[in-house]
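Worksheet for the structure shown next.
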Amino acid sequence: MMGIKPLCMGLVFLCVTIQCTERKKTIDSNQEYQLISPDHKGLVYSGRIDFSNPKEPILYWAGTSVAATFQGTTIRVKLEDNGENYYKAIIDGDAAGAIEIDCHAGANTYTVADHLEDRPHTIELVRRTDSTSPATKFLGFLIERNGHLLESPTNDRLKIEFYGNSITSGHGVLDESGENNDNRATWDNYYAYGAITSRALNADYRCISMSGIGIIKSWYPLTMPEMYNRLNPNDKNSRWDFALWTPDVVVINLFQNDSWLIEQMDPVPKEKEIIDVYKNFVSIIRGHYPEASVFCVLGNMSAAEEGSPWPGYVESAVGQLRDLGEKNLFPLIFPYRKTKAHPTVVEQKEMADMLASYIKTTLKI
């Protein structure tokens, strides 16, 4: 039994019992099915995606999605992966009944749904894992021969972009025990606060996050100011074209990894230097998005605990930028939750509720 498998981790509402199906060989050449090519105009993409080959778009970032509306009873998805990534396939908006795809190495086809009613359906394919895992090529959807794609609605929603670390990625979000956070089967960006906030605001969502990253110091030799402008997060020569998509709202949630690692630096940065580096990153983002409302948030892990200086660094940076004439810049500190590891679904939902309410109130939307 291979391909798609149920994901049950003590979260009853996430547990989907399905019959796993064997991987199909050359299913797209079977006369019973037709391939919906990735360059089909009926598909709706969301995220920083490499379309240099429009028939094999490359997905790097957590929360990146491909959606379509189709008439038919069967839907399958074809992906080329190295075997480390997880995806979520949602039919007709039923996230609780979503199919969890555990990718296998190579180009493989995964059955999402069979025996649907023969009527219009929606499918949304969402990348659960973040950019610490290698990229995936999306090779198309498959529907039965007599099915067809329907026109998808135009996307004129609020646009919101998140810059963050493992908290924003949804690292370990499904691991209530706190013992298996590094198992990518427990990662699911769909249940991270940014994705939940975006759905609450009916917003088009972008997530630029990498587990372990910081602004000054990361767990590896790469920081957010070095990565934020990349299309391929793991290619130093790759560049994203910011003119392709402009958010109305930007959320920055960084400093957790810096707070853990900064004492390893020699010399250790002083308070002014820390604040200045944060201010500089906010200014860089502002340079790309001069009209956006920028929310500088922190938490809910140890950087936000009582007595920590890091909330003060964020608030001081925001205050100093405001004193320099910066507008539409807002701080928010998520309350510290003393849990064993990364925030769980419940904690992510708490942050999302707080952030969505703050954005609605602040922007009067």
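Any idea what the dipole of the chain comes to, in debye rounded to 20, about its Cα centre with Lys/Arg Cβ at +1 and Asp/Glu Cβ at -1?
440
Could you order T129, T246 by accessible surface area, starting with the largest, using a probe radius of 1.4 Å?
In descending accessible area the options line up as T246, T129.
Under the 0.36 nm per residue contour assumption, what length would be gained going from the current alpha-carbon distance of E271 and N229 to full extension?
12.5 nm
Can you tell me which of N229, N165, N53 moves the most in a GNM of the chain? Springs connect C-alpha atoms under 10 Å apart.
Taking springs between Cα atoms under 10 Å, the residue moving most is N53.
Whenever you get a sec, compute what percent of the accessible area on the chain sits on carbon and sulfur atoms (1.4 Å probe).
Here it works out to 50 percent.
Taking springs between alpha-carbon atoms closer than 10 angstrom, which of G214, G194, G312 fluctuates most in the Gaussian network model of the chain?
Most flexible of the set in this elastic network: G312.
Leaving out ligands and nucleic acids, note down the accessible area per residue over the stretch 260-365 with a 1.4 angstrom probe, in whole Å².
Dividing the accessible area of the stretch 260-365 by its residue count gives 52 Å².
Distance from a point 7 Å along Cα→Cβ of H148 to each backbone N in the stretch 100-127: keep the residues under 20 Å and list them by number.
Only 116-123 pass the distance filter.
When the chain is fully extended, how far beyond the present Cα-Cα distance does Q264 get from F242, taking 0.36 nm per residue of separation?
4.5 nm
For the stretch 25-152, what is the accessible area per residue in Å², given a 1.4 Å probe and the full set of protein chains?
38
I need the chymotrypsin sites (Phe, Trp or Tyr not before Pro) found in the stretch 172-228, filtered to DSSP loop residues with at most 16 other beta carbons within 10 Å of theirs.
Filter output for the stretch 172-228: W219.
Using only Cα atoms, tell me the angle between helix 310-323 and the longest principal axis of the chain; keep it within 0 to 90° and round to the nearest 10.
Rounded to the nearest ten degrees, it is 80.
Could you give the angle, 0 to 90 degrees to the nearest 10, between helix 345-363's Cα long axis and the longest principal axis of the Cα atoms of the chain?
With both axes taken from Cα atoms, the answer is about 70 degrees.
With a sphere of radius 9 Å drawn around the Cβ of W240, what net charge do the other residues whose Cβ falls strictly inside it have (Lys, Arg +1; Asp, Glu -1)?
Around W240, the surrounding residues sum to +2.
Could you state the angle between the C-alpha long axis of helix 271-288 and the longest principal axis of the C-alpha atoms of the chain, as a value from 0 to 90 degrees rounded to the nearest 10?
Computed tilt is about 50 degrees.
Out of the DSSP beta bridges found with both residues in the chain, what percent are antiparallel (nearest 5)?
Taking every DSSP beta bridge with both residues in the chain, the antiparallel ones total about 65 percent.
Using the structure shown, select from K217/K270; K327/K360; K217/K272; K159/K364; K137/K217; K55/K78 the pairs with a Cα to Cα distance greater than 20 angstrom.
K137/K217
The values are calculated or read from the model by the stated rules, or taken from the named source; none is laboratory data. Note that the structure is a prediction, hence the values are computed from the model and not measured. Cβ coordinates were reconstructed from backbone atoms using ideal geometry, including for glycine residues, and neighbour counts include every protein chain displayed. Side chains are part of the model used for accessible areas, which takes the heavy atoms of the whole protein and leaves out ligands, DNA and RNA. Shrake-Rupley method; radii C 1.70, N 1.55, O 1.52, S 1.80 Å.
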